[in-house]
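Trainee: Can you keep this structure in mind? I'll have questions shortly.
The values are calculated or read from the model by the stated rules, or taken from the named source; none is laboratory data. Quantities reported herein were computed from a predicted structural model and do not represent experimental measurements. Here the Cβ positions follow ideal geometry from the backbone for every residue, glycine too, while neighbour counts run over all protein chains shown.
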Amino acid sequence: MAAFAAASVVLLVAGKDPIATYERIFDRAFFAPGALTSTLVTATPLLLTGLAAAAAFRMRLWNIGGEGQLYLGAVGASGAGIALHDQTGPILITGMILGGLLAGAAWAIVPGLLKAYFNTNEIISTLMLNYVAGLLLLYLIFDSQSYWRDLSTFSARQFPQGKVLADAASWPTFNLEIAIVPLGFGLGIAAAIGLWALYRSTVFGFQVRVLGDSASAARYAGIKTRRVVVVMMALSGALAGIGGASQVGDFRHVLDPRGLQQAGLGYSGIVVAALARYNPFAVPVVAVLIGGLANAGYSLQGPDFPAGLVGVLQGMILFFALGGELLLRYRFTLGSRGSLPVGAQPAGAARQ
Amino acid sequence: MNVNESIVVVLAASAIFYGTPLVFASVGELLAERSGVLNLGVEGMMLIGAVTAFWSVQHITGPDWMVLLLATTIGGLAALATSLIHAILVVGLRANQIVSGLALTIFAGATGLSSYVGNVARLGGQPAHHEFLALNVLGLSGLPVVGPILFHQNALVYASWVLVILALAYLYRTRPGLHVRAVGESPETADVMGVNVARYRYAHTLAGGLLAGVGGAYFSLAITPNWIDGMTSGAGWIAIALVIFAFWRPELTLVGAYLFGLFSSLGFVLQARQVHLPPEVFASLPYVMTVVVLVVVSTGWAKQRLGAPAALGTPYVREER
């Protein structure tokens, strides 16, 4: 709530009526006809990149590379979609999901291996690879005659764009009366449950939790730290890669470098993960909230609602969540589950 | 052909030109990290510096040098104000430094406040009214080889050299400098010595913000004198990596920054000389090289954590001493 109060100040300075703006935001995010459906469209990639970040951050493996891994997922999925264009729907779509998953995982394994074997700071290496992945997208569509680029017509050769996928490559949706749910969102929910089960009832999940709490304890316990780091990085990249695949399969049906880069979905995933306190079940909730906020931002972004405000709002929510954490820590010293990594549970304000 | 137009001299001169914003930002980050505060918000703070400095040159009238001085100062102060958020969160409220720094970049960065300000003030697409131009220092710019490299740069390049010398003198030759190092290595000891740990951490985080802002201003006033969303394109992150390359020593940030200046300029220089490769290959060089150099640096010295302040990234709580 504090974040909303502070954002009100910004809106006031910007000459907007805050209460009316919030009414408009919530209306456009959840209540207006079709609003929930388009909020889910925005929330789907955030859910997947949020899970990607949450999975890695939980063991204090700072994979900031969700952005690039998502790009690679889009490359992998659209590549699979083009290659399998004459297959039936289920094969085609499974191929796209696998293509995105594997490409994202492969891109993430590089910093994972560097971290495991050379102790290379993964924050910097994953971030640098985001820029490289962005340039790779531009190269594939704008500066080469690649497999992904549409060269079939004269205008496509003049104005570069990706090959548009066959209709069969459009992912199915589930109509739940109140909203239409994209397949990617369903995959995200399944992934959240899978992640929870992984933490809860597998040896690997236990090792991840030990590593997250104390790296030295993990070493003394004989946990193969390197292997856990590499696998977790690949898992995180795979989730972000599915996010990229969903961008292609659910929404864009083409490899669209500019659209993907403007969206900044990987970075928003970090916000989602931090607000969800790296809890797999909180991620979908936060993703829908943030998705609604972003969605309302897009639909309100006319001449009177300038770009950049979405990032400002996301940043502020995080700041207040981080600040509120201290108060929570003081209030609940005895009752809290003290086993979470120190300082790893930002929540507070944003949960309301 | 004139020796000053040879590719080696041109590359050396442009390495310094393109590396200078990294010098400012990484010396700033180095000061913050030496006091124990990791600030991953450099990219966001640089963009705030870039946009406010550019706004200033478009709106302040006066002689060139005065407008540029004011604009750079304003860019620095705006970024300093941005870094105050991080300082309050991690020093005052002891929040997680990594998450807070990331939040700062999301808040201020390419899709945040800097973009908002640029948008509202309609700064995009305007040519700058004032910009930093290369000076002919002591009339020596025509000297063979050293002329273009050392005596034909803009004022901020020379300011960055002074900054490195000042930072060195401060850290190793003054009492507050000793205290900073103590605060970064062992805040408990510093506290016992009577050093106010929180005050030192606040001051150096803010200094880091100020210098990141100046580095950002360099982008919008010297490299490409206009405003584009996200125009620093990752320089803030490279600056953070440079602190690691430099083993937390100010003089070595110069080496790293110019190395990366070289990678950034290689594309332009080679393209001007008819070397045809996809532009993305050149553009990705600084990023790929950052990872490569980081790997090299982190392997050999990983065990000793050479130079890294021992208390980097950890909040200091007196009661838990």
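Trainee: Conditions first: (1) surrounded by fewer than 24 Cβ atoms within 10 Å (Cβ to Cβ); (2) assigned to a helix (DSSP H, G or I); (3) aliphatic (A, V, I, L, M). B:Met231 passes all but one, so which condition is the exception?
Mentor: For B:Met231, the failing item is (2).
Trainee: Of the residues that sit in segment A:194-213 and are of a type in the set (Gly, Ala, Ser) and surrounded by 13 or more Cβ atoms within 10 Å (Cβ to Cβ), which one is nearest to A:Met232 (Cα to Cα)?
Mentor: A:Gly205
Trainee: Which residue pairs have Cβ atoms under 6 Å apart, sit 6 or more places apart or on different chains, and have a first residue in segment B:185-203 that is at pLDDT below 95 and a second that is of a type in the set (A, V, I, L, M, F, W, C) and surrounded by fewer than 18 Cβ atoms within 10 Å (Cβ to Cβ)?
Mentor: That search, which allows pairs on different chains as well, returns B:Glu185/B:Ala310.
Trainee: Go through the residues of segment B:261-280 one by one and say whether even a single one is outside any helix (DSSP H, G or I), out of contact with any helix residue (DSSP H, G or I) (no Cβ under 8 Å at 6 or more places or on another chain), closer than 30 Å to A:Ala307 by Cβ and more than 10 Å from chain A (Cβ to nearest Cβ).
Mentor: no
Trainee: Let me spell it out: the conditions are (1) among the hydrophobic types (A, V, I, L, M, F, W, C); (2) in a helix (DSSP H, G or I); (3) within 10 Å of another protein chain (Cβ to nearest Cβ), and B:Ala110 meets all of them except one. Which number is the exception?
Mentor: Here B:Ala110 meets the rest and fails (2).
Trainee: Scan segment A:71-89 and give yes if some residue there is within 14 Å of chain B (Cβ to nearest Cβ) and farther than 24 Å from A:Val254 by Cα, otherwise no.
Mentor: There is no residue in segment A:71-89 that is within 14 Å of chain B (Cβ to nearest Cβ) and farther than 24 Å from A:Val254 by Cα.
Trainee: Oh, and also: Collect the residues in segment A:98-119 that are out of contact with any Asp or Glu (no Cβ under 8 Å at 6 or more places or on another chain) and crowded, with 23+ Cβ neighbours inside 10 Å, keeping them in residue-number order.
Mentor: Those that are out of contact with any Asp or Glu (no Cβ under 8 Å at 6 or more places or on another chain) and crowded, with 23+ Cβ neighbours inside 10 Å: A:Gly99, A:Gly100, A:Leu101, A:Ala103, A:Gly104, A:Ala105, A:Trp107, A:Ala108.
Trainee: Still on this structure: Go through segment B:139-149 residue by residue and tally those that are in contact (Cβ under 8 Å) with a residue 40 or more places away in the chain and either of a type in the set (Ser, Thr, Tyr) or in a helix (DSSP H, G or I) (or both).
Mentor: Number satisfying all stated conditions: 3.
Trainee: Any residue at all in segment A:128-135 that is in contact (Cβ under 8 Å) with a residue 24 or more places away in the chain, touching a Leu at 6+ places or on another chain (Cβ under 7 Å) and part of a helix (DSSP H, G or I)?
Mentor: Taking every residue of segment A:128-135 in turn, at least one turns out to be in contact (Cβ under 8 Å) with a residue 24 or more places away in the chain, touching a Leu at 6+ places or on another chain (Cβ under 7 Å) and part of a helix (DSSP H, G or I).
Trainee: May I pose another question? Out of all the residues in segment B:71-93, is one or more touching a residue at least 60 places away in the same chain (Cβ under 8 Å), in contact with a Leu (Cβ under 8 Å, 6 or more places away or on another chain) and part of a loop (DSSP other than H, G, I, E, B)?
Mentor: Looking for residues that are touching a residue at least 60 places away in the same chain (Cβ under 8 Å), in contact with a Leu (Cβ under 8 Å, 6 or more places away or on another chain) and part of a loop (DSSP other than H, G, I, E, B), one finds none in segment B:71-93, hence no.
Trainee: OK, next. Please list, ordered by first then second residue, the pairs with beta carbon atoms under 7 Å, 6 or more apart or interchain, first in segment B:234-247 and within 10 Å of chain A (Cβ to nearest Cβ), second outside any helix (DSSP H, G or I).
Mentor: B:Ile240/B:Leu40; B:Ile244/A:Asn121
Trainee: Does segment A:136-175 hold any residues that are surrounded by fewer than 20 Cβ atoms within 10 Å (Cβ to Cβ), in a helix (DSSP H, G or I) and more than 14 Å from chain B (Cβ to nearest Cβ), and which are they?
Mentor: Correct list: A:Phe154, A:Ser155, A:Ala156, A:Arg157, A:Gln158, A:Asp167, A:Ala168.
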